[in-house]
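Read the structure below first, then the notes.
The values are calculated or read from the model by the stated rules, or taken from the named source; none is laboratory data. The shown structure was predicted, so the numbers you read here are calculated from the model rather than taken from an experiment. Here Cβ is always computed from backbone atoms with ideal geometry, including for glycine, and neighbour counts include all displayed protein chains.
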Amino acid sequence: MRIGEVAAQAGVSVRSLRYYEEQHLLTSTRSASGQRHYGAEVVERVRFIQRLYTAGLSSRTIAALMPCVDSPSEQHSAEAWERMRQERKQITAHIAELTRARDSLDELIAANRRHHPHPAAAR
């Protein structure tokens with residue numbers, strides 16, 4: 001399957017597929033003219049990679065999780081679980097940090113409105 005076909009079926013851009021290859025998340029074979037060719041199974045792999053990105057994981061973390069997909073074993077599963085647990089912990093900390101920043105900004109907005117009332121503040 002050519003790169004354009006994979007992109008269309010997986011719902012991603014050709015650029016994304018090239019990036020996934022650069023990050024060693026996908027592999028392809030090359031024709032004599034240098035065109036990329038993929039197996040039919042790569043569409044599901046790309047969809048899975050997209051789900052991992054949507055979950056907030058970096059390409060480095062996704063690459064670390066792929067052995068669990070490519071060579072399922074108890075060890076790989078345990079390593080993937082621990083990595084995802086650590087990622088979740090970092091996301092939770094980031095959410096708390098963002099919440100504090102938002103609350104601080106709310107205080108500044110309220111102080112500003114007390115000193116400089118504006119009709120738009122009622123919205």
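Per-structure values
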quantity: Filter result (charged (D, E, K, R) and under 20 Å from the mean Cα position of the chain (by Cα)) within region 42-85; calculated: Glu44, Arg45, Arg47, Arg51, Arg60, Asp70, Glu79, Glu82, Arg83, Arg85
quantity: Scope region 14-48; condition in a loop (DSSP other than H, G, I, E, B) and exposed (fewer than 13 other Cβ atoms within 10 Å of the Cβ); matching residues; calculated: His24, Thr27, Ser31, Ala32, Ser33, Gly34, Gln35, Gly39, Ala40, Glu41
quantity: Condition check for Ala101: modelled with pLDDT of 90 or more and loosely packed, with under 10 Cβ neighbours inside 10 Å; calculated: no
quantity: Scan of region 13-46 for residues that are closer than 17 Å to Ala63 by Cβ and not polar (S, T, N, Q), ordered by number; calculated: Leu17, Arg18, Tyr19, Tyr20, Glu21, Glu22, His24, Leu25, Leu26, Val42, Arg45, Val46
quantity: Identity of the residue in region 1-11, in contact with a helix residue (DSSP H, G or I) (Cβ under 7 Å, 6 or more places away or on another chain) and free of Cβ contacts under 8 Å to residues at least 40 places away in the same chain, that ends up surrounded by the fewest Cβ atoms within 10 Å (Cβ to Cβ); calculated: Gly4
quantity: Search result, residues across region 12-42 that are farther than 29 Å from Gln86 by Cβ and touching a residue at least 12 places away in the same chain (Cβ under 8 Å); calculated: Ser28, Gln35, Arg36, His37, Tyr38, Gly39, Ala40
